[in-house]
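First up is the structure itself, then whatever we jot down about it.
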Amino acid sequence: MSDTEAPFRISISDNELESLKQKLALTRFPDELEDAGRDYGAPLADIQRLTNYWKDTYLSKWKEHEAKLNEDLPQFTRDIEVDGFGTLNIHYVHKKSTVVDAVPLLFVHGWPGSFLEARKILPLLVENSPEHPSFHVVAVSLPGYGFSEAPKKKGFGSTQYAEVGHKLMLALGYNEYVTQGGDWGALITRRIAQLYGPKHSKAWHTNMPLGEAPHPTRRPWLLLTYLLFKLSPKEKAGLERTQWFQEKGIGYFKEQSTQPQTLGYSLADSPVGLLGWIYEKLVNWTDEYPWTDDEVLTWISIYWFSRAGPAASVRIYYEVNNLTPEGFARNIETPIPVGHSYFPKELAILPRSWIKAANPTLVFESEHEGGGHFAAYERPEALVGDLRKMFGKGGPAFGVVPGKTGF
Amino acid sequence: MSDAETPFSIAVPDDQLELLKQKLELTRFPDELEDAGRDYGAPLADIQRLTKYWKDVHLPKWREHEAKLNEELPQFTRDIEVDGFGTLNIHYVHQKSTVVDAVPLLFVHGWPGSFVEVRKILPLLVEASPDHPSFHVVAIGLPSYGFSQGPSKKGFKCEQYAEVSNKLMLSLGYNEYVTQGGDWGALITKRIAQLYGPKHSKAWHTNMPLAGPPQLTQSPLLFLSHHLFKYSPKERAGIDRTNWFEEKGSGYFKEQSTQPQTLGYSLADSPVGLLGWIYEKLVNWTDEYPWTEDEVLTWVSIYWFSRAGPAASIRIYYEILQGSLQGVSQNMATPIPLGHSYFPKEIAIHPRRWLKAANPTLIFESEHESGGHFAAYERPEALVGDLRKMFGRGGPAFGVVPGKTGF
């Protein structure tokens with residue numbers, strides 16, 4: 001098995017930059033209803049401001065942004081063979097700690113995220129200190145995202161994404177490792193735990209903890225306690241947030257999981273269309289994170305300039321929905337220890353008792369007063385703090401990777 | 001109270017044609033999975049073919065298409081005052097039959113339809129003959145569609161669309177009239193029937209008959225029959241079609257009824273995005289209608305060049321249904337006679353007994369072996385044939401407009 005690892009630097013061609021510039025110059029905006037606020041979607045004033053900034057300032061400084069990304073995130077590509085799908089060239093960030101026995105950690109993003117989400121936690125994770133564990137960090141770009149190739153065939157589901165993550169770690173010499181993931185990363189790292197744990201995956205942590213609703217025949221006792229004992233104010237707020245997401249925030253999910261190609265024409269062809277589609281999530285899914293225009297546009301640019309194009313990134317919804325319709329909400333149990341971080345503006349916030357019932361191997365929990373769906377980006381210290389507690393000396397997952405305690 | 005009508009001709013400004021041309025030239029297409037077929041959305045080969053044709057043939061000949069539309073469809077505009085929303089300038093088609101006592105008929109389109117849907121039925125409806133009734137036809141361009149202004153305030157709901165329509169008919173001197181509608185036109189003409197019938201609206205016909213599933217408490221016998229007696233193969237096929245729509249075909253609905261502004265950025269900015277979004281429906285919702293490129297592109301051009309822009313057209317979903325399909329089948333009863341035409345590829349097909357139970361004033365039914373959602377466009381003779389039977393001599397709604405029998 002030859003090693004196809006090659007260093008990678010983001011280097012968008014002048015042609016692509018010019019094409020984007022021309023498109024931005026031709027942007028045609030919709031109008032907006034008076035006092036729409038955020039109720040009807042991403043606000044027009046925001047999108048116009050961002051588009052003008054993109055066109056007039058950001059794009060002309062792209063080389064600077066690119067250079068900073070390359071500096072912050074050491075990147076590579078290598079070929080990974082996926083059963084039934086041939087070889088995919090996978091892009092990833094890889095940084096080793098100076099601590100030799102650091103814990104190998106695979107970080108898995110979701111949609112509309114990317115490898116970029118590792119940007120702030122990376123230096124904290126690899127940092128050397130006697131007081132907390134260190135990690136060797138691998139942040140994979142999922143197939144179809146960032147600068148990874150996308151599959152060409154139908155049927156690339158959670159099993160395949162898990163296979164890519166796992167094989168990447170093995171290829172890098174990390175026979176045993178731990179994982180961290182949110183959004184699709186939560187589902188994929190759960191799958192890694194089920195398929196490759198405890199032999200390879202030794203423990204997993206997620207900032208998008210899930211459970212199953214109480215059910216008269218499947219979980220009768222849980223239903224009874226739910227009906228008998230009141231929910232705390234926090235749990236009530238959490239269910240309201242969850243309800244908001246299911247009723248008002250799920251249109252993108254429904255379209256992406258049924259007609260991704262149809263949506264793809266817009267996302268591939270229109271920079272402002274892509275911006276609006278993603279920016280709405282950056283605002284609605286975070287806890288009032290004070291996005292700068294540069295941050296938003298760098299985030300969007302990863303999608304605009306992605307190797308497979310933005311349309312490929314939404315197919316995961318279709319494939320997983322087709323192959324495993326119960327998707328996120330069932331089959332949550334894993335054979336390895338799991339840790340949870342609870343952020344109040346996550347999209348699915350379920351009562352703690354439901355979550356515990358679905359996760360019998362839960363060894364670590366940490367609750368936060370602020371933060372949302374993109375925890376690694378919004379609350380990097382909080383998230384890394386949790387990982388340090390979970391895997392550190394005295395923590396419930398200390399030494400879970402034999403010989404690699406993080407010290 | 002009728003004023004003189006202001007004649008209207010479609011005359012898209014040159015700069016709009018030029019902008020579209022430039023955008024088409026910069027089109028960036030997504031890729032597509034092997035053997036995707038139509039499963040993932042509008043097929044890439046179709047969209048590429050249509051985009052190329054748009055750029056190279058249809059757009060350069062736009063003035064011919066425009067002229068033909070203007071020739072076939074006598075159009076006008078007039079101001080209509082809407083309570084709480086000020087004055088909206090409404091665009092409509094109006095053609096009187098040579099038969100003086102023709103039946104005044106209001107035709108109401110839906111989404112992604114437009115006044116263009118009246119194109120084929122217009123000559124048939126106004127046609128004079130001793131063998132069948134004739135109609136004076138008004139095809140309204142709903143606010144935010146075609147060349148009608150859109151509301152600038154929030155809260156423009158079914159009542160408002162009904163108000164505009166009724167006021168349009170009254171202003172044209174049609175104090176009493178009948179209606180025909182599908183898609184949003186079905187819900188709006190139902191509301192017209194409820195609010196303005198039987199005083200003004202005397203009978204209504206729809207090609208998208210609606211009913212909800214039987215509820216035990218409301219219709220116990222129907223509920224029982226639902227569970228005890230079999231449905232015919234046709235009814236089963238109809239239920240399957242309805243399920244397909246809800247499971248696979250309602251992503252657009254979910255997004256448009258919760259985050260229309262977000263989607264609007266794509267539809268306003270990207271011709272190929274708009275094309276993909278609409279073309280998928282033109283194929284999936286019809287009964288293998290053999291669309292020509294010109295037909296598709298004229299249809300989509302009405303949206304691209306619309307007065308309010310394509311983003312405005314989808315707000316109706318948010319205003320009226322707010323994310324849930326439930327509202328579609330509620331509150332069905334009207335105080336005036338109703339006629340149904342059943343086409344097998346409609347997107348919601350309910351068992352006949354549900355329809356009869358939900359619509360107590362149902363006096364006409366006609367079943368067809370083929371045809372889909374856009375009945376006026378796909379099966380003009382069939383639809384007009386049904387209207388002639390319903391309103392003609394010996395028909396159940398003959399003479400429903402006093403003094404205007406159609407002969």
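The values are calculated or read from the model by the stated rules, or taken from the named source; none is laboratory data. If you're wondering where the values come from, they're calculated on a predicted model, not measured in any experiment. We place every Cβ from the backbone using ideal geometry, glycine too, and count neighbours over all the protein chains shown.
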Just to confirm my filter: which helices (runs of 4 or more DSSP H) fall fully inside segment B:252-337 and include at least 1 residues that are facing another protein chain (nearest Cβ under 9 Å) and either under 24 Å from B:ARG191 (Cα atoms) or of a type in the set (Phe, Trp, Tyr) (or both)? B:260-269, B:271-284, B:310-313, B:315-321
Looking at (1) surrounded by fewer than 24 Cβ atoms within 10 Å (Cβ to Cβ); (2) out of contact with any helix residue (DSSP H, G or I) (no Cβ under 6 Å at 6 or more places or on another chain); (3) not aliphatic (A, V, I, L, M), which is the only condition A:PHE115 fails? (1)
With respect to A:GLU319, is the statement that it is more than 9 Å from every other protein chain (Cβ to nearest Cβ) and either of a type in the set (Gly, Ala, Ser) or surrounded by fewer than 17 Cβ atoms within 10 Å (Cβ to Cβ) (or both) true? no
From B:LYS190, B:LYS154, B:LYS202, grab the single residue that is in a strand (DSSP E or B) and basic (Lys, Arg). B:LYS202
Qualifying positions in segment B:150-171 - away from chain A (no Cβ under 11 Å) and in contact with a strand residue (DSSP E or B) (Cβ under 7 Å, 6 or more places away or on another chain): B:GLN160, B:GLU163, B:VAL164, B:SER165, B:LYS167, B:LEU168, B:MET169, B:SER171
Among the residues in segment A:350-362, are any within 14 Å of chain B (Cβ to nearest Cβ) and either assigned to a loop (DSSP other than H, G, I, E, B) or farther than 30 Å from A:THR262 by Cα (or both)? no
Which of the helices (runs of 4 or more DSSP H) found entirely inside segment A:157-229 contain at least 2 residues meeting this: modelled with pLDDT of 95 or more? A:158-171, A:184-196
Only one of (1) more than 7 Å from chain B (Cβ to nearest Cβ); (2) among the hydroxyl-bearing types (Ser, Thr, Tyr); (3) within 29 Å of B:LEU24 (Cα to Cα) is not met by A:THR292, so which one is it? (3)
Condition check: basic (Lys, Arg), assigned to a helix (DSSP H, G or I), more than 30 Å from A:PRO351 (Cβ to Cβ) and touching a strand residue (DSSP E or B) at 6+ places or on another chain (Cβ under 9 Å). Does A:LYS152 satisfy that? no
Please find, among A:GLN48, A:GLN75, the residue that is buried (at least 18 other Cβ atoms within 10 Å of the Cβ) and out of contact with any helix residue (DSSP H, G or I) (no Cβ under 6 Å at 6 or more places or on another chain). A:GLN75
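Condition check ((1) over 24 Å from A:ASP386 (Cα atoms); (2) without any contact (Cβ under 8 Å) to a residue 40 or more places away in the chain) across all residues:
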{"residue": "A:GLY84", "(1), (2)": "yes, no"}
{"residue": "A:LYS96", "(1), (2)": "no, no"}
{"residue": "A:GLY113", "(1), (2)": "no, no"}
{"residue": "A:GLU117", "(1), (2)": "no, no"}
{"residue": "A:ASN128", "(1), (2)": "no, yes"}
{"residue": "A:HIS132", "(1), (2)": "no, no"}
{"residue": "A:GLY181", "(1), (2)": "no, no"}
Mind checking which pairs have a first residue in segment B:224-250 that is within 14 Å of another protein chain (Cβ to nearest Cβ) and over 17 Å from B:ALA211 (Cα atoms) and a second that is assigned to a helix (DSSP H, G or I) and modelled with pLDDT of 90 or more, Cβ under 8 Å, 6 or more apart or different chains? B:GLY249/B:ASN284; B:SER250/A:LYS254
Are any residues in segment B:144-174 without any contact (Cβ under 8 Å) to a residue 60 or more places away in the chain and either among the β-branched types (Val, Ile, Thr) or buried (at least 21 other Cβ atoms within 10 Å of the Cβ) (or both), and if so, which ones? B:ALA162, B:SER165, B:ASN166
For segment B:33-49, give me each residue that is within 25 Å of A:ASN15 (Cβ to Cβ) and crowded, with 21+ Cβ neighbours inside 10 Å. B:ILE47
From the list B:THR87, B:THR77, B:THR6, pick out the single residue that is more than 14 Å from every other protein chain (Cβ to nearest Cβ), at negative phi and in contact with a Lys or Arg (Cβ under 8 Å, 6 or more places away or on another chain). B:THR6
Could you say which residue among A:ALA308, A:ALA329, A:ALA382, A:ALA376 is modelled with pLDDT of 95 or more, of a type in the set (A, V, I, L, M, F, W, C) and in contact with a Leu (Cβ under 9 Å, 6 or more places away or on another chain)? A:ALA376
Scanning segment B:362-403 residue by residue, those outside any helix (DSSP H, G or I), over 15 Å from the mean Cα position of the chain (by Cα) and among the basic types (Lys, Arg) turn out to be B:ARG393
Residue selected from segment A:311-326 under the condition outside any helix (DSSP H, G or I) and at pLDDT below 95, by the criterion nearest to A:PRO360 (Cα to Cα): A:GLU326
A:PRO310: passes all of (1) more than 10 Å from chain B (Cβ to nearest Cβ); (2) touching a residue at least 24 places away in the same chain (Cβ under 8 Å) but (1)
Per the filter on segment A:34-56, residues free of Cβ contacts under 8 Å to residues at least 24 places away in the same chain, assigned to a helix (DSSP H, G or I) and not acidic (Asp, Glu) are A:LEU44, A:ALA45, A:GLN48, A:ASN52
Could you figure out which of (1) in contact (Cβ under 8 Å) with a residue 40 or more places away in the chain; (2) within 17 Å of the chain's Cα centre (by Cα); (3) closer than 15 Å to A:PRO112 by Cβ isn't true of A:PRO271? (2)
